[in-house]
Amino acid sequence: RLADPAVGAGDRLAMNPLGIGIDVVDVARVARLLEQHGDRALPRLLTGAEREYCLSMAVPARHIAVRLAAKEAAFKAFHSAGARGMLGWLEVEVQRHPHGEPALLLHRRARAFADQLHVSRALVSLSHSDSQGAAVVLLVG
């Protein structure tokens, strides 16, 4: 599990960046996906907890878009860190901590890649507007 976002001031100096990824997803595209294939597509893209959170929001497509961006950014971060192989959408999960900050929870192959690369933390930053969801993922050792 890499879902603890707390970093003390001393820890920041010791961080070793291993990989970084960024992605942007169009909210309108996600809205079309929901209209056309929502019942089939969402269980393939989001974990149960992610679906529950996103579908409880006033504009689900906005929150789904930013989560898809985070997953794709994580895939890119792993690739830039040297991981070879494919990851599935359900192997990277976006969680929210009690104060609202996002965190990544890694499952199956994503967890195995993190262990193989000696990733100690997977940091994520999310942002969204009415039209786009964006995310940056930084893997540190």
Check: Is one or more of the residues making up region 121-131 in a loop (DSSP other than H, G, I, E, B) and farther than 17 Å from residue 24 by Cβ?
Finding: no
Of 44, 84, the only residue that is over 17 Å from residue 122 (Cα atoms), basic (Lys, Arg) and modelled with pLDDT under 95 is 84
Checking 51, 109, 96 in turn, the sole residue that is more than 14 Å from the chain's Cα centre (by Cα) and of a type in the set (Lys, Arg) turns out to be 109
Taking region 87-116 and the residues there that are part of a loop (DSSP other than H, G, I, E, B) and closer than 16 Å to residue 44 by Cβ, the one that is most open to solvent (accessible area, probe 1.4 Å) would be 107
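Could you tell me which of the residues 51, 84 is farther than 23 Å from residue 33 by Cβ, open to solvent by 40 Å² or more (accessible area, probe 1.4 Å) and free of Cβ contacts under 8 Å to residues at least 12 places away in the same chain? Walk me through it before giving the result.
Details: 51 fails: farther than 23 Å from residue 33 by Cβ.
None of the other options fit; the residue is 84.
The values are calculated or read from the model by the stated rules, or taken from the named source; none is laboratory data. None of these values were measured; they are calculated from a predicted model. Here Cβ is always computed from backbone atoms with ideal geometry, including for glycine, and neighbour counts include all displayed protein chains. Remember, those area values only see protein heavy atoms, side chains included, never the ligands or the DNA or RNA. Shrake-Rupley method; radii C 1.70, N 1.55, O 1.52, S 1.80 Å.
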